[in-house]
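Read through the structure below, which is laid out as structure tokens, and then see the notes.
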Amino acid sequence: MELIKLTGIGFILGITAIIPGFSVATMAVVFSVYDRLINVIVPDLKKIFEAWMFWLPLVIGGIAGIFFFSKVFSLLMENHSTPAYWFFIGVITGSIPLIYSKVCPQAYVCAKTNINSETSQDKKDALPSLPSVICFVIAIAVMIVFAFVKPEEGTVVYTELTLHVFGMLAAAGALAAIAMIIPGISGAFMLLVIGFYRTVLLAVSELNVPLIIPVVLGALAGLLLSAAFVRFLLAKVPRETYGAVLGLVVGSIFVLYREAEGIGEGIGIVISAVCFIVGLVLSFLMSRRNIVK
């Protein structure tokens, strides 16, 4: 059952990976696999192979999601974009209690055990620290800036591999991976900003393996680098790091709302509302057992 669940989560992460504005890391946080992913992305083959029952189903599901959804993405966004955006807004909103529980763990411990702690440290941990609040505010500000950035991608779409194109695609893959591992930031959006989104999407949808290889190699290098940095932050300043993550996640709701361009008209309002509620409930039910106890 666990393998099936992880494969399904990987499928959703794969779908998320190709949609500009949707953060794979945010969805990994929503489905409570982010911390484990960060810890398994290491330059240690022994540790990676030991955790194969965790990451292999995610990878298989992710690859399936990428290749499946790359063919239907354009159709969905052209005809049903608003309900789709509202579903993801619901999913992200439902994850907020989980992330907040990591910013203020003691608040959830006291609430679940009905304990009114008298120690100053417990009282302190039951509220957001000033540094975590500052990180939260800065992160939200960053996402608001992203919400108003509408990059115009270049018109060049590469379909054949040369040494020059190999280098550019590897660099693009690395930058996208670095962005992808930060909750709230979209790797696909980064590709859009630097002008390689359509090239990569076309290569994936048409199974252009020579063009896919440099992107994958660059992405692996970017993941190793950025995962090490995130592990360092979680070890040294966990509450502040999750404060920033919470800001990025909350800010991404504003980004997606801007992309949705409202809630629709007529029956579309009802459909969007239903999609939002379904996403909210699914996300909350999947994440509530992982809220700090």
(request) Provide the solvent-accessible area of Phe68, counting protein heavy atoms only and rolling a 1.4 Å probe, rounded to the nearest 10 Å². (result) 110 Å²
(request) Compute the distance in nm between two label points, each set 7 Å from the Cα along the Cα-to-Cβ direction, one at Ser81 and one at Met53. (result) 4.4 nm
(message) For a quick check: with amide H placed at 1.01 Å from N, whose amide H comes under 5 Å from Ser186's, ignoring anything fewer than 5 positions away on the same chain?
(response) Gly21
(message) I need the phi-derived Karplus couplings for the stretch 203-214: 6.51 cos²θ - 1.76 cosθ + 1.60, θ = phi - 60°, integer Hz, Gly and Pro marked x.
(response) 4, 5, 5, 9, 6, 7, 4, x, 7, 6, 4, x
(request) Rank these residues by their accessible area, most exposed first, probe 1.4 Å: Tyr158, Tyr197, Tyr257. (result) Tyr257, Tyr158, Tyr197
(request) Evaluate the relative contact order of the stretch 154-293 (contact order divided by residue number), counting alpha-carbon pairs under 8 angstrom at least 6 apart; express in whole percent. (result) 25 percent
(message) Order Glu206, Glu265, Glu259 by their accessible area, 1.4 angstrom probe, all chains in place, largest first.
(response) Glu265, Glu206, Glu259
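The values are calculated or read from the model by the stated rules, or taken from the named source; none is laboratory data. Treat the numbers as computed from the prediction; the structure is a model and nothing was measured. Cβ atoms come from the backbone with ideal geometry, glycine included; neighbour counts cover every protein chain shown. The protein model used for the area step is the full one, side chains on, heavy atoms only, and it has no ligands, DNA or RNA in it. Shrake-Rupley method; radii C 1.70, N 1.55, O 1.52, S 1.80 Å.
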